[in-house]
Amino acid sequence: MSSRGRGFPSLRGLAQLAAVLALAGCGDLLQEPDTGTLPLAVTIEPISGSGQTGAPGAPLAALLEVRLLDHDGRPIPRLRVEWTPFPGSGEAQPRNSFSDTNGIATTTWFLGPKAGPQEILASVRKGVPMAFEAVAASP
């Protein structure tokens, strides 16, 4: 006797529902939140890392750190920060990082090969970039 018509879902229907729920629960935890059609105002607040001096071509001693805040001053988690060095100012590793639950994102800055002032920008999709400065000096 079939269970159809008695208000019971079929085995196939249950399998389809389970597949949809499984896919809905999956996803990249490190993705930007969906902001819909309203713009998300983001403030990039410096925490640490600017004003350091290091050897040319070497990583700075302290990480570059920023905190991402919404228009009410609350931390924004899981938002991608792009770290963009000015020409000759080395590289950031990683080049892109994501804010944690406290809205904090970090990277390591490897200075460029020449001595002198260097600069790198931290930016998010809908925010004003923030500059970090360092000086590469030969020991």
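The values are calculated or read from the model by the stated rules, or taken from the named source; none is laboratory data. Remember, predicted model here, so these are calculated numbers, not experimental data. Cβ coordinates were reconstructed from backbone atoms using ideal geometry, including for glycine residues, and neighbour counts include every protein chain displayed.
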Taking the stretch 77-94 and keeping only residues that are within 16 Å of Glu65 (Cβ to Cβ) and among the basic types (Lys, Arg), one is left with Arg80
When every residue in the stretch 78-113 that is surrounded by fewer than 23 Cβ atoms within 10 Å (Cβ to Cβ) and touching a Gly at 6+ places or on another chain (Cβ under 6 Å) is compared, the one nearest to Ala62 (Cα to Cα) is Phe110
- If we scan the stretch 55-66, do we find a residue that is exposed (fewer than 12 other Cβ atoms within 10 Å of the Cβ) and either at pLDDT below 95 or outside any loop (DSSP other than H, G, I, E, B) (or both)? no
- request: Evaluate the following for Arg78: is it touching a Phe, Trp or Tyr at 6+ places or on another chain (Cβ under 9 Å) and at pLDDT 60 or above?
  value: yes
